[in-house]
């Protein structure tokens, strides 16, 4: 059978054997700007680069065609391997082509290889929320609980002192960051001062901190005084809103000593129900973000009760 000139064009196309990766020029691969992993340990990368020099890249990276740059590739998975290969001085890296992955696949793959750090998870959740995904959808697609997504929101637009504690390595656990953010919503000045004074913040520190904050707000009772009959009881947080006509709800000073909060959802976002203050608008309830923050009035009909959350 004679060779047709049209067939020569195929010589420029990489030949992929079944199950075999391509060897792609490293300089032709761009990292995905939406890649969940953003923090790279320099020492760990140097160690990985040394392994690559000695043994090569044993697990191929994953790429797809870069839709914004013809002839180039966009990284799906393998940012650490790609960076280590560059440090090792390699010019090519083994890669599989996969055009089916999305940001959720990137997130899951990174988590399975090496757990992402709290800030990386928070940035991913923030991008998905901005894209219109609900917390329930994010949790489902990541194969995680809704509580995980709630904790991840601790570093979405955090106060400066909390980000500094994270950057300094004084508080790096998602659970502790979330609890600090929540306490800060109720006791901003005291929580910030406490956090700035700590060299390291552990999970064991937070229950005692919470107890100290709540005890400081509790009333000093005389033998003839009880919370139910305390003179001049006040709302837990001052309000400039006028009192509702014909109604006045007065609450004892101090916070209820409870370990659970009512968990509600509104428009796909998780909140806690505020039960210590009476809203002034009929048919409304107060809610505040689970991670802490100012309360807001919400139509009761728009709230979906999900249960309880610890804390």
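The values are calculated or read from the model by the stated rules, or taken from the named source; none is laboratory data. No experiment lies behind these values; they were computed from the predicted model shown. Cβ atoms come from the backbone with ideal geometry, glycine included; neighbour counts cover every protein chain shown.
At-a-glance table
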item: Yes/no for residue 178 being touching a helix residue (DSSP H, G or I) at 6+ places or on another chain (Cβ under 7 Å), assigned by TED's automatic domain parsing to the domain that holds residue 206 and either closer than 14 Å to residue 123 by Cβ or surrounded by 22 or more Cβ atoms within 10 Å (Cβ to Cβ) (or both); result: yes
item: Subset of the range 282-301 [in contact (Cβ under 8 Å) with a residue 24 or more places away in the chain and either in a strand (DSSP E or B) or surrounded by fewer than 14 Cβ atoms within 10 Å (Cβ to Cβ) (or both)]; result: 282, 288, 289, 294, 298
item: Filter result for residue 54 (farther than 21 Å from residue 127 by Cα and part of a helix (DSSP H, G or I)); result: yes
item: Failed item in (1) more than 14 Å from residue 97 (Cβ to Cβ); (2) part of a strand (DSSP E or B), with residue 34 passing the rest; result: (2)
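Yes/no matrix, rows are residues, columns are (1) assigned to a helix (DSSP H, G or I); (2) at pLDDT 85 or above; (3) over 11 Å from the mean Cα position of the chain (by Cα); (4) over 30 Å from residue 23 (Cβ atoms):
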{"position": "75", "(1), (2), (3), (4)": "no, yes, yes, no"}
{"position": "83", "(1), (2), (3), (4)": "yes, yes, yes, no"}
{"position": "86", "(1), (2), (3), (4)": "yes, yes, yes, no"}
{"position": "94", "(1), (2), (3), (4)": "no, yes, yes, no"}
{"position": "100", "(1), (2), (3), (4)": "no, no, yes, no"}
{"position": "128", "(1), (2), (3), (4)": "yes, yes, no, yes"}
{"position": "133", "(1), (2), (3), (4)": "no, yes, yes, yes"}
